[in-house]
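For reference, the structure discussed in these notes is given below.
All of the numbers you see were taken from the coordinates with simple rules; none came from a lab. Just so it is clear, the model here is predicted, and its values are computed rather than measured. Positions of Cβ are generated from backbone atoms using ideal geometry, with glycine treated the same way; all protein chains shown enter the neighbour counts.
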Amino acid sequence: MIDIERLRSETPGCGPRAYLHNAGAALMPRPVIDAVKAHIDLEAQIGGYAAAARVADRIEGLYRSVAALLNAAPDEIALAESATVAWQRAFYSLPFGPGDRILTAEAEYGANYVAFLQVARRTGAVIDVIPSDADGALDVAALEAMIDDRVKLIAITWVPTNGGLVNPAAAVGRIAQAQGIPYLLDACQAVGQMPVDVEAIGCDMLTATGRKFLRGPRGTGFLYMRRALLDRTEPAMIDHAGAPWVTHDSYRLRDDARRFEPWESNIADRLGLAAAIDYARAIGLEAIADRCALLSDRLRAGLAAIPGVRLRDLGTHPCAIVSFTIDGVDADAAVRAADAAGITIGVSDPASTRLDAEARRLPTLIRASPHYYNEEAEIDRLVALCGGLAR
C-alpha cells in the first residue's frame, strides 16, 4: 500500500495548493531535488569535468535503472534531453523512399506528426492514418488490414496528450513483430503512471521523458532501441562520443544505443532522473497505476455529475489524464479560476493532436492529471470548483 502521507511529506510542492498537472510536469520529490542540487554544488566547488568523473558510476547506474524500468538491456538505452529529442533521434535514423508508408494513429502528437510531414516531403514517403475503433482507440483490425510490403514504420503514441486514451500498444506490437515492421512507441505520458515492459509490448523503439509521471527534472528523457534494430541503424547525426574518430578518414559507431547520444549532457539532471526512477520503482509501478486509476476515476465521476461539464476522454479504460470542457467557459479562463483557488491544472490545445481534434471538433480542452501523491480531497476541490463555474 502506498503511504500517501510519507510521500507528500517528501514532496515540497504538496501543501495548500492542489497540484493536478502531472501530465505537464509533475512535482519532484525531495530525493530528486537533492540529487540535482548536490551535483550543482559539487560542480561549483570542483568544476564540471571533475564533478562528472566523481559520479561516473552513478551515471552508469542510470542506464541500468532505465533498463530495469522498461525490462530492457542497459546497452539498448540512450539518454536524451527530452522525449521529443529521443523520438527524433530514433525516427530520423530510419530510411524512407518514395512510396514507403508510415502508419500512425488519429491521436498522434503534433511534434511527431510534423516530423512525418517533413520526411514525407523530403523522401516521397506516405503517411497513412490508422482508423479508430468505436471507443476511440486505434483499431487493431484496421491496422492489420493496412499492412503491405510498403509499410516501413508503425509509429504511435501510447497515451495521447489530450486525454486519458490508452492505445493498444501490445496488440500493435504483435502485428509489427509478425510482419517484421519497425515499431516506434511514444510512451511520454505512460512511463511513470503504469508498468512498461518493452518485451511484452513488442516495440522496437520507445521514448519517454523524465518530467511527467516519473517526477524527474525537466530536460531529461531516454530512448530504448531493440538490439536487433540497433545493430543495423546509424543515427542521422553523430559526434565523436557516439562514433569515435578512429583513423584519419574513418569513425566507428559505438556498439550500444549510446551511439545516439552527443558528448555534452546535463549531469545534475541525469542524476535527478536516476533518483526519480529509483523512487518510482521503490513504490512499485503496479501500485502507482492502481492509485492513479482510483483518483482519475473519482475525478471523472465527479465531473460527469455536473450539468454542463463534458468529459472528452476516449477509450474503455482511460488513464490519469482527464480532459473536459465546461459549457460557456473558456478553457484558459477555467485554468485561471483554478489557479486563483489554489489548484493547478492545464489545457490541451487542438494543435497538439490536430487529427483527433478536427475529427471530433474539439475546442481547447481543460486537462487535469492527478498522480499517486494527490489526496482525494484535492480531487473533490477541483470538482467543486468546476461545479461553481458551470452554474
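Taking a point 7 Å out from the Cα of D34 in the direction of its Cβ, the residues of segment 252-284 whose backbone N falls within less than 13 Å of it are 275-276, 279. For the chain, a Gaussian network of Cα nodes joined below 10 Å ranks Q177, Q88, Q45 by mean-square fluctuation, and the top entry is Q45. Kindly provide log₁₀ I(q)/I(0) values, in the same order as q = 0.18 Å⁻¹, from the Debye equation applied to equal alpha-carbon scatterers of segment 16-133. Evaluating at q = 0.18 Å⁻¹ gives log10 I(q)/I(0) of -1.10. In whole percents, the pair-distance distribution calculated for segment 93-199 from its alpha-carbon pairs, binned every 5 Å from zero, is 2, 12, 25, 23, 21, 12, 4, 1. Among residues other than F116 with Cβ under 14 Å from its Cβ, the summed charge is 0 (Lys and Arg +1, Asp and Glu -1). Hey, if you drop one equal point scatterer on each alpha-carbon of segment 226-321 and run the Debye formula without solvent, what base-10 log of I(q)/I(0) do you get at q = 0.17, 0.20 Å⁻¹? Rounded to two decimals, the profile gives -0.89, -0.99.
Dipole magnitude for the chain: computed about the Cα centre from +1 point charges on Lys and Arg Cβ and -1 point charges on Asp and Glu Cβ, it is near 500 debye.
Placing dummy labels 7 Å off each Cα toward the beta-carbon, the span from A333 to A120 is 3.7 nm.
For the chain, would you read off the P(r) tail past 34 Å as a percentage of all alpha carbon pairs? When every Cα pair of the chain is considered, 30 percent fall beyond 34 Å.
Compare the Cα positions of Y183, L303, S93 along the charge dipole of the chain (+1 at Cβ of Lys, Arg; -1 at Cβ of Asp, Glu; about the Cα centre) and return the one farthest towards the positive end. So the residue we want is L303. Sorted from longest to shortest, the spans of the Cα atoms of segment 267-375 along the three principal axes equal 44, 32, 31 Å.
Remark: the H248-I147 segment gains 31.9 nm on full extension, using 0.36 nm per residue and subtracting the alpha carbon distance.
For the chain, no complete DSSP H run has alpha carbons reaching 30 Å or more along its own long axis together with a mean Kyte-Doolittle score of 1.6 or higher.
Please work out the FRET efficiency for the pair I2 and D75, using the Cβ-Cβ distance as r and a Förster radius of 30 Å; give the result to the nearest 0.05. Can you show the working numbers first?
Numbers: r = 33 Å, r/R0 = 1.09.
Working from the Cβ atoms, E equals 0.35.
Note on the chain: with a GNM built from Cα contacts shorter than 10 Å, the maximum mean-square fluctuation among V119, V329, V191 falls on V329.
Along the positive direction of the dipole of the chain (beta-carbon charges: Lys, Arg +1; Asp, Glu -1; about the Cα centre), which of I102, Y113, I156 reaches farthest? Highest projection toward the positive end goes to Y113.
Quick one: length gained pulling A178 to A351 fully straight, 0.36 nm per residue minus the C-alpha distance? Let's see the in-between values first.
Working: separation 173, 0.36 × 173 = 62.28 nm, distance 3.37 nm.
Gain on extension, A178 to A351, equals 58.9 nm.
Roughly speaking, what is the centre-to-centre gap between segment 34-109 and segment 174-224 when only Cα atoms are used, to the nearest Å? Here the two parts' Cα centres lie 12 Å apart. Computed over the Cα atoms of segment 152-226, the ratio of the radius of gyration to the Kirkwood radius (Rg/Rh) comes to 0.97.
Comparing mean-square fluctuations of G221, G272, G308 from a GNM of the chain with C-alpha springs under 10 Å, the top value falls on G308. Other residues lying with their Cβ under 10 Å from the Cβ of I4 contribute a combined charge of -1, Lys and Arg counting +1, Asp and Glu -1. Using the Cα gyration tensor of segment 301-343, with a ≥ b ≥ c the square roots of its eigenvalues, what is the shape: rounded (a/c below 1.5), prolate (a/b larger than b/c) or oblate (neither)? Prolate is the answer for segment 301-343, as a/c is 1.5 or above and a/b outweighs b/c.
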